[in-house]
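See structure below.
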């Protein structure tokens with residue numbers, strides 16, 4: 001079996017099963033199995049693969065054909081230039097959240113205290129701790145399984161945040177320079193209409209924002225002021241059509257300098273504000 005033939009078989013299987021990015025995913029899985037980049041794959045189409053490599057690749061392709069997310073198969077996703085472990089217990093970090101993290105990095109200074117609510121894999125908090133100096137990071141999540149993943153990522157990246165199994169602010173103590181979060185913000189009724197990869201393979205608790213998708217923004221608006229320093233800032237990921245609703249929630253609670261920021265695709269993606 002050659003590299004080219006194995007890749008062609010993988011592409012065809014994924015195409016028949018309706019995988020949108022079947023070509024890209026087939027290549028990424030082959031890169032993972034061969035431990036080679038796509039430059040090698042393109043340059044060596046006639047190279048032989050071992051029986052073990054062929055077997056592993058076909059197992060991975062079969063899993064992807066069942067709409068198991070690519071990142072769950074490889075176990076890793078690159079986020080902000082850093083490798084993060086992911087499992088079905090955490091939301092897969094996405095490019096949208098990289099944009100949010102970039103906005104956090106604009107506002108956070110070396111030595112700040114940063115609280116990350118619904119931390120999941122820890123991708124936002126650990127990225128901030130990696131690119132700023134001496135950040136005192138605290139991450140909370142209601143899921144013990146998610147926190148185990150965050151702990152592994154922290155060890156891998158040689159960071160030492162405080163990770164709390166906490167329902168939002170429940171176990172949080174002290175005040176912070178910045179509170180960040182990518183909270184659940186999908187409307188409950190919309191979840192069944194999501195892609196199979198998301199609907200069936202990512203934790204519902206990380207997706208479901210309640211009837212109107214805004215439950216967690218209300219919780220943050222209600223309680224964040226007690227955990228923010230006087231000029232502390234809140235930075236949140238929001239749904240593409242939720243900007244004005246989230247703005248209103250925080251305006252009603254007296255927060256200042258509220259801004260809705262659009263991402264590179266022109267979608268509403270970030271809400272920033274100052275403590276009230």
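No value in this document is a laboratory result; all are computed from the given coordinates. Predicted model only: the values in this text are computed from it and were never measured. When we count neighbours, we look across all protein chains shown, and the Cβ atoms used for this are built from the backbone with ideal geometry, even at glycine.
In terms of other Cβ atoms within 10 Å, 39, 97, 119, 205 run from fewest to most in the order 39, 205, 97, 119. Let me know the shape class of the stretch 147-256, please: from the alpha-carbon gyration tensor, a ≥ b ≥ c as square roots of the eigenvalues, rounded when a/c is under 1.5, otherwise prolate if a/b is greater than b/c, or oblate. In terms of gyration-tensor shape, oblate. Report, in whole Å, the centroid distance computed from the Cα atoms of the stretch 157-178 and the stretch 72-112. Answer, in whole Å: 17. Largest GNM mean-square fluctuation across 206, 189, 65, computed for the chain with C-alpha springs under 10 Å, falls on 189. The helix-based estimate of mean residue ellipticity at 222 nm for the chain, built from -39,500 (n - 2.57) per DSSP H run of four or more residues and divided by its residue count, is -12000 deg cm²/dmol to the nearest 500. Roughly what angle does helix 3-16 make with the longest principal axis of the chain, taking Cα atoms, 0 to 90 degrees, to the nearest 10? On a 0 to 90 degree scale, this one is about 60. Considering only Cα atoms, the convex hull volume of the stretch 157-198 works out to 151 Å³ per residue.
For the stretch 1-136, the convex hull spanned by the alpha carbon atoms encloses 121 Å³ per residue. When the Gaussian network model of the chain links Cα atoms closer than 10 Å, the mean-square fluctuations of 221, 62, 265 top out at 265. Against the chain, whose longest principal axis is taken from its Cα atoms, helix 51-65 shows a tilt of about 50°. By definition, a body whose alpha carbon gyration tensor gives a ≥ b ≥ c is rounded when a/c is under 1.5, and the stretch 76-274 falls into this rounded group.
Reported value for the stretch 3-66: 63 Å³ per residue, from the convex hull of its C-alpha atoms.
Could you tell me whether the stretch 130-170 comes out rounded, prolate or oblate from its Cα gyration tensor? Rule is a ≥ b ≥ c as square roots of the eigenvalues, rounded for a/c under 1.5, then prolate if a/b exceeds b/c, otherwise oblate. The shape class here is oblate.
Each label was represented as a point 7 Å from its Cα along the Cα-to-Cβ direction; for residue 165 and residue 76 these points are 2.9 nm apart. Counting only alpha carbon atoms, the long axis of helix 144-156 and the longest principal axis of the chain meet at about 80°.
Connecting C-alpha atoms closer than 10 Å in a GNM of the chain, tell me which of 151, 242, 102 has the biggest fluctuation. Maximum among the listed residues: 102.
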